[in-house]
Each structure stands twice: as C-alpha cells, then as structure tokens.
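Contents: one structure, followed by commentary.
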Amino acid sequence: MRDSRGEPGVVQDKTGLPPTPDSPLPDAPVPPSASADATPSAEGAPVRESRLVLAARVLAAAVGGVVLYLAFPPLGWWVCAPLGIALIAGSLYGTRPRRAAWLGYLAAAVFLTPTLAWVRSIGDDVWVMLVGVESLFYAVMAALAALVFRLRWWPLWFACLWVAMEWARSLVPIGGFPWARLAFSQGESLFTEYAALGGAPLVSFAVVVSGALLACAVLRREAGLGRKAVPVAVALAVPLITVAIPRPGGESRTVNVGIVQGNVPGKGMYAFGDEPAVVLKNHATETERLARAVQDGKFIKPDLVVLPENSTDIDPYRDEFARATIDQSVKSVGVPTLVGAVVAIGDANRATRSLVWDPKTGPGAYYDKQNLVPFGEYTPFKDLVLKFWERANLVGRQSVPGGKPGDLRLGPVTIGAVNCYEVAYDPTVRETVKAGGTPLVVQTNNASYALSNLPPQQLAMSQLRAVEHNRAVVTAATTGISAYVTPEGKVAWQTRERVADMNVVKVPVRTQTTIATRLGPWPEWALALLGAAAAGYAWWRGRRRADGAGDERMETD
C-alpha cells in the first residue's frame, strides 16, 4: 500500500492517521499509533500525525484543564469535572508515552494555575514553582495512560492511574500536597456519596471513569449511534447509582456548638497587622459578645465553643496577659472552649495547638497539628533554603508535628480536632474519627488567603469529609469561611469573609461509621495497584509484539 504522499507506508483511515496494531476491543475505538517520534512503517518510512491533529490534541488538553478548573470552588460547577476528564483523555488517546507526557503536563498546568491561584498571597514565584512541580505527576500519569489506552476496558485503567497519581501527590515531596484532588471538586454533587464507600479516592475514580467513558463514545469512529450510546449510558449511570449506596441513619443525640470568627485587620502575608495581641483581642471580644447574645436570648446556650486556629497570636503558657484574656472570655461564655494557639516548644520550635480551655480549670488537654505547611510552618532543608530565599525567614520558629489523633473531650462530647491544612489529608481525618471524634472540628486560619479561592475549596473538603465519615463538621476560621456542615454534606450555616461573626448551631452527634472509615486506605491502594499493573502489562505486551515483529522481518529478509 502507499501512503498519502505516494510512498510505501501503512494504510490510513479517513482522519489521515495510521491504525494501531493494538485494538483495545473488537467494538472499541482504535487509537491512532502516532507519536512525536514518528511511527516507522514496514518499509521504514516515517508516518507522522498531521499538524491539524496535533493542534487538536493540544487544544483538547488545554481546554480540558480549564474545564476541570471550573469544577472547583468558588465556581463549583461539578459536572465540568467528568467533561474536563473526557477532553484530557481524548487529547492523550492514541499517542505514545513521550507525547502523552507533555500533553498531560500542559493540561495539568492549565488546570492547576488558576486552581492554586491562592498561593499568590505568598508570592508569584512560589505559585509558579508549585504548579510546575505538581504538573510533573500528571505528566507521568499521562505517559502511563498512553500504554493502558491500548487495552480493553481502558477507561477503568485510566481511572486507576489517576487515583495512583493523586495518592503519590499526597505523599511526596516534603509530605505531599493533596490539594486540588479531583474528589475535592465534588463537595456536593451526584458523585459525593462514593466517599462513604471508598473515601476521596473512590470519588476521584468515579469521576474519571465517567469522563473517560464519554471520551470513549466520541472516539468510536466506526461505531454506529447505538454502540456510541452504550458508554454514554454507563457514564451517566456512574453518578446516578449513588442513590443505592447505603448510609448510616440518623441518631437522636445533638450538641450545641458555639462558633467564633474574630477577624484580623491586615491582608496577605501581613494579615495580623502591627498592633500587638490584636488577634487575641478580636477573638476574646467576639467570644464575650457571643456570651452576651446567649444571655439576651438571641442564641441557645452552647455546650461548647470553638475558636479558630491561631485565635491567639501570643503563647498563653508563657504570657500572663494572653492567659488572663483567654480565661476571662471563656469564663464569660461559661463552657469549655477550644482555643487555637501557637505555643513554644523549647527555645527554637513551636506547635500549632488545639487547646481545651475550661472555664474553671483553665488550659488542659490538647492536640498538636500533624500535617504542617512547608515554608509556612516550617522550612524544609532550612540551612540551604535560607541562603537563597530570604522570605523563608518569615516562618520564624520551626513548627514540630504532633504524634497523636485529635480526639479531645470538650464538654459533653469527644470532638475530632482537625487543623486547617490537615482536612486535605485522608489518614489524619480518618484516624481522628476512628479515635472517637464526633463531631469533627476544623480550626483554620485563612487570613493570608482571604477572598481567594482557598476558603471555598477548603469548605468543599469539609463537605466531602462529612459524607465520608458520617460526621457533622464544624469549621471555625479567623477571617472566614466559618461553617457548619451536616453529616450529609450540606452547608447548613456559613459566614462571610473578613467580618467578625459568631453563632450557636445544633449539631448531630453521629457514632455509626461508614464503609469508607472501616476500610481505610485499602480502596486507594487497590485502585493504584490495578493501574500500575495495567500499565506494566500494556508495556510488556507492546514489547513482546515489537520483538515478534522484528523476528518476522528478519525471517522475511
């Protein structure tokens, strides 16, 4: 046969692309075997993709990244998540690993750049570096996806690889960065219920399967309308069948939780302003205002009160003024209060602490934050980094992580303390629930990121955690968004940002656990291993066929 240039080559279809020798299914789409390296024909003449096809791939990858971003808060158009996946899958389908890697990197960079725009509060250079590093994980995943696209049932294997990629991102480097996982775009959607079965990893898996099936329908070039409808129907069924997922029922016990948001005077990296003890004073004042509102009958009497992370900017263990100010405000409200404090550990270190403060006995049990923010609460490779990056000095004392879950007795209940950044980490939240924490209490300090897309993204994580573990979630933030999320993942109350506010909410105390809580990390590990195994098998099969083709050519010669 001769190619379109009249030279010996391979048969091309109507798109101008050569067929692959590796059909995924007899009735499935056949990926074009084009690559940046060119695919040699039987006569040795290279066959390349047309520039139009390459441009279409680039466009699909970039648009897919934009559409993925639209799924995340503050827009929260959750249905865009599977649509973005469909575009990205389409851009990768039929490529070889090298081209797939840079297309995957492109899609990730376009997606992460606006999604992580809140990092600009620290600096544009940090924002660019973070996006650049995190996009590498997507590039590796895309290269492996180019292999599994040659297998039957490739939407499943692609989804498994996506879960593996998000798992790796949550671990490395320097403690991992699980922000912007696909599941966190699904705080309240048809996919959310999968969290009760397999946590955030299963939600991401379901979204990718649905999107990949939509891509599969479009890519079936030779299939009739009926056959194209099958993957579309399955894609739509994936979120709809969540109505059949078993959920624990309601329980009669409730607790009244006071939530205080004191606000701070500044913005960005200087959110706490120049006035000494201003954060402490603001939150003490708002706590006393809550006490007066309760006395006036405006709110029901709380059983406990929650203040945000960093609600005191002075160590109450070492400073008598801070201790007296907190003690007075807690006595005014008259119930145990969870205070957020940064406390000294020795002369050089510190801990971000959730501290139980009793109106009679003062400070008592505490939980120290385990998942610390690199370059925010501590400086990795400190000696080296400080030589080249002066801003790292803003960290000051180095935080040290705690070593136990956040189950704290607070009034009539054992709450599950989760500190800000930690809500993104599956093991930390899960271990707190397993230790008996109910409701979950997320103390957060978003002052440096106020009015960015970070606070709504973090609230969506709380919504997912509520469904995942059948626990109400109470969030107290310095500048917002403070909120109460029901165990069903509904936001029942929330504050505006950059205002002082408070409320008392009646919160259900759930004790029944979900399948996800009991299974722990096993669904994620199983899906990640399946993805790795599929990629390994596809690589091995491709090598074997290539060796067989080489032997056949030698015999022919």
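The values are calculated or read from the model by the stated rules, or taken from the named source; none is laboratory data. A quick note: this is a predicted structure, and the numbers were derived from the prediction, not measured. Counting neighbours? That spans all protein chains shown, and the Cβs are built from the backbone with ideal geometry, glycine included. Each accessible area value is taken on the protein alone, full model and side chains, heavy atoms only, with ligands, DNA and RNA left out. Shrake-Rupley method; radii C 1.70, N 1.55, O 1.52, S 1.80 Å.
Structure data summary
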| read-out | value |
| --- | --- |
| Among the residues listed as A417, A435, the single one being open to solvent by less than 10 Å² (accessible area, probe 1.4 Å) and of a type in the set (A, V, I, L, M, F, W, C) | A417 |
| Which listed residue, of E377, E309, is open to solvent by less than 40 Å² (accessible area, probe 1.4 Å), at pLDDT 95 or above and under 23 Å from G176 (Cβ atoms) | E309 |
| Residues (modelled with pLDDT under 95 and of a type in the set (S, T, N, Q)) located in the stretch 514-557 | T556 |
| Test: residue in the stretch 392-401 that is in contact with a helix residue (DSSP H, G or I) (Cβ under 6 Å, 6 or more places away or on another chain), open to solvent by less than 10 Å² (accessible area, probe 1.4 Å) and modelled with pLDDT under 95 | yes |
| Which listed residue, of A341, A365, is open to solvent by 50 Å² or more (accessible area, probe 1.4 Å) and without any contact (Cβ under 8 Å) to a residue 60 or more places away in the chain | A365 |
| Some residue of the stretch 138-157 being closer than 24 Å to L92 by Cα, among the aliphatic types (A, V, I, L, M) and under 15 Å from the mean Cα position of the chain (by Cα) | no |
| Residue match in the stretch 277-293 (condition: among the acidic types (D, E), surrounded by 17 or more Cβ atoms within 10 Å (Cβ to Cβ) and modelled with pLDDT under 95) | no |
| From the options R51, R99, residue that is crowded, with 16+ Cβ neighbours inside 10 Å, among the basic types (K, R), modelled with pLDDT of 50 or more and more than 28 Å from Q186 (Cβ to Cβ) | R99 |
| Residues located in the stretch 60-91, provided they are open to solvent by 60 Å² or more (accessible area, probe 1.4 Å) and of a type outside the set (A, V, I, L, M, F, W, C) | P74 |
| Scan of the stretch 92-142 for residues that are among the polar types (S, T, N, Q) and either part of a helix (DSSP H, G or I) or in contact with a His (Cβ under 7 Å, 6 or more places away or on another chain) (or both), ordered by number | T113, T115, S121, S135 |
| Qualifying residue in the stretch 344-362 (condition: of a type in the set (K, R) and open to solvent by less than 40 Å² (accessible area, probe 1.4 Å)) | yes |
| Condition check for G94: surrounded by 22 or more Cβ atoms within 10 Å (Cβ to Cβ), within 25 Å of the chain's Cα centre (by Cα) and under 20 Å from L219 (Cα atoms) | no |
| Failed item in (1) at pLDDT 95 or above; (2) of a type in the set (G, A, S); (3) open to solvent by less than 10 Å² (accessible area, probe 1.4 Å), with A271 passing the rest | (1) |
| Unmet requirement for F177, which otherwise passes all of (1) in contact with an Asp or Glu (Cβ under 9 Å, 6 or more places away or on another chain); (2) within 29 Å of Q512 (Cα to Cα); (3) hydrophobic (A, V, I, L, M, F, W, C) | (2) |
| Some residue of the stretch 402-413 being modelled with pLDDT under 95 and either closer than 18 Å to M461 by Cβ or open to solvent by 60 Å² or more (accessible area, probe 1.4 Å) (or both) | yes |
| Residue count, the stretch 407-428 (criterion: among the charged types (D, E, K, R) and either within 23 Å of the chain's Cα centre (by Cα) or in a loop (DSSP other than H, G, I, E, B) (or both)) | 2 |
| Filter pass, E166 being closer than 24 Å to Y537 by Cβ and either touching a residue at least 12 places away in the same chain (Cβ under 8 Å) or in contact with a strand residue (DSSP E or B) (Cβ under 7 Å, 6 or more places away or on another chain) (or both) | yes |
| Selection status of G175, farther than 26 Å from P231 by Cα, surrounded by fewer than 21 Cβ atoms within 10 Å (Cβ to Cβ) and either in contact with a helix residue (DSSP H, G or I) (Cβ under 8 Å, 6 or more places away or on another chain) or at pLDDT 95 or above (or both) | no |
| Hey, V330 under 16 Å from G362 (Cβ atoms) and not in a helix (DSSP H, G or I) or not | no |
| Within the stretch 214-261, considering residues that are among the basic types (K, R) and open to solvent by 80 Å² or more (accessible area, probe 1.4 Å), the one farthest from V294 (Cα to Cα) | R221 |
